[in-house]
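Trainee: Please find one structure pasted underneath; my questions will follow.
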């Protein structure tokens, strides 16, 4: 600024400066340094503290505020005079005439005369009560959100565990139902064989046995043995598949396994449910692909896909096709699950992975199946999932997963 402008400002009336300070939207007041009595108290100070000029001027802090506050202010004054520099207090609690708490940003600085002696203390107090309360409210809200997020994550884990146990319970119930057939056939064949052995023993003891009787008995033994053996093998295969899926569903262990055959075991474990319907469920593609990952997660994912299709894609009388297709691409495996059901409307595609979103509330849909799938794929398995669907044609889920999961 030029000397001419400085001179012009210096010639402005003192009354103008007083008017400017008087109308500032912040509290400005001054004390003289010998007795610490107030000599200036602007309009906003009156509004903020609730004391008029007549109540304040020529008084000290001890005449206006509580002893505790007055003592604190006196210590501030002494510190400013001793250090001869600005005292900046970002957050200070004061009280108005009505007893209301006020949060202030207080700045205090000494004013010197021509001889360099401090003659006044100038104080500027900015009311930050609303800003501070808003900040505190935001902090509290953020802490509450963090707490809620923690609860949601814990609940999510419990929901996944609950679904695991529900699936495991269904699996155990299915074992008894599914194994009953080969075991029943084997028992029938064994009973028939026992009966034929008893008849043959009687015939042998009567000394009336003919060559044709022996040949007939041997043929019966061979057929019964074959029936018993094949059905026991079938039961053993079922037990083996059920056992591995059951162990994986209740375990967090990571291991190396062939993805195609494992998905077939999962489908086999769902057979008690699937055999009541007319759907065809199969695994195609690269059946030799092995992954080092969490089979329990794959079991939950595959189960949820199939149950989701049964619940949402088809009616009970439909004959649907549900297919898992496996492709190997370097260190990544792609699993595509498709059904040829009714499809998902476009407005619902962005919502299917949201928790509790379902179009079958009260009809078997919990709204958690696809949400759990999404979390298992993206968090547990470290992959990605995408859904595409056309109404009236079907739905496809594409999973891209690392062959080796290093979580």
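Trainee: With respect to residue 220, is the statement that it is surrounded by 14 or more Cβ atoms within 10 Å (Cβ to Cβ), out of contact with any helix residue (DSSP H, G or I) (no Cβ under 7 Å at 6 or more places or on another chain) and modelled with pLDDT under 85 true?
Mentor: On the way: surrounded by 14 or more Cβ atoms within 10 Å (Cβ to Cβ): yes; out of contact with any helix residue (DSSP H, G or I) (no Cβ under 7 Å at 6 or more places or on another chain): no; modelled with pLDDT under 85: yes.
Judged against the criteria, residue 220 is not a match.
Trainee: Inspect segment 79-87 for any residue being in a strand (DSSP E or B) and assigned by TED's automatic domain parsing to the domain that holds residue 18 and give the result as yes or no.
Mentor: Checked against the condition, which is being in a strand (DSSP E or B) and assigned by TED's automatic domain parsing to the domain that holds residue 18, segment 79-87 yields at least one hit.
Trainee: Could you please let me know if residue 23 is in contact with a helix residue (DSSP H, G or I) (Cβ under 7 Å, 6 or more places away or on another chain), loosely packed, with under 15 Cβ neighbours inside 10 Å, over 19 Å from residue 129 (Cα atoms) and at pLDDT below 95? Reasoning before the result, please.
Mentor: Working: in contact with a helix residue (DSSP H, G or I) (Cβ under 7 Å, 6 or more places away or on another chain): yes; loosely packed, with under 15 Cβ neighbours inside 10 Å: yes; over 19 Å from residue 129 (Cα atoms): yes; at pLDDT below 95: yes.
Answer is yes for this residue.
Trainee: Tally the residues that are assigned to a strand (DSSP E or B) and over 22 Å from residue 262 (Cβ atoms), restricting the search to segment 304-323. Walk me through it before giving the result.
Mentor: To start, the set of residues in segment 304-323 that are assigned to a strand (DSSP E or B) comprises 321-323.
Now restrict to residues that are over 22 Å from residue 262 (Cβ atoms): none.
Within segment 304-323, residues that are assigned to a strand (DSSP E or B) and over 22 Å from residue 262 (Cβ atoms) number 0.
Trainee: Check residue 326 against each of (1) at positive phi; (2) not in a loop (DSSP other than H, G, I, E, B) and name the one condition it does not meet.
Mentor: Among (1) at positive phi; (2) not in a loop (DSSP other than H, G, I, E, B), residue 326 violates only (1).
Trainee: Of all residues being modelled with pLDDT of 90 or more and outside any helix (DSSP H, G or I) in segment 263-289, which is nearest to residue 253 (Cα to Cα)? Just the residue, please.
Mentor: That would be 283.
Trainee: Looking at segment 104-130 only, could you name the residues that are part of a loop (DSSP other than H, G, I, E, B) and touching a strand residue (DSSP E or B) at 6+ places or on another chain (Cβ under 9 Å)?
Mentor: Scanning segment 104-130 gives 113, 128.
Trainee: Restricting to segment 42-58, name every residue that is buried (at least 18 other Cβ atoms within 10 Å of the Cβ) and more than 16 Å from residue 95 (Cα to Cα).
Mentor: Once the filter is applied, which keeps residues that are buried (at least 18 other Cβ atoms within 10 Å of the Cβ) and more than 16 Å from residue 95 (Cα to Cα), segment 42-58 yields only 42.
Trainee: Do we have any residue at all in segment 375-384 that's assigned to a loop (DSSP other than H, G, I, E, B), more than 30 Å from residue 256 (Cα to Cα) and at pLDDT 75 or above?
Mentor: Looking for residues that are assigned to a loop (DSSP other than H, G, I, E, B), more than 30 Å from residue 256 (Cα to Cα) and at pLDDT 75 or above, one finds none in segment 375-384, hence no.
Trainee: Continuing with this model, one more query. Among the numbered conditions (1) more than 31 Å from the chain's Cα centre (by Cα); (2) at pLDDT below 85, tell me where residue 245 comes up short.
Mentor: So the condition that residue 245 fails would be (1).
The values are calculated or read from the model by the stated rules, or taken from the named source; none is laboratory data. Given the structure is predicted, the values throughout are model-derived calculations rather than measurements. For neighbour counting, all protein chains shown are included, and Cβ atoms are generated from backbone atoms with ideal geometry for every residue, glycine included.
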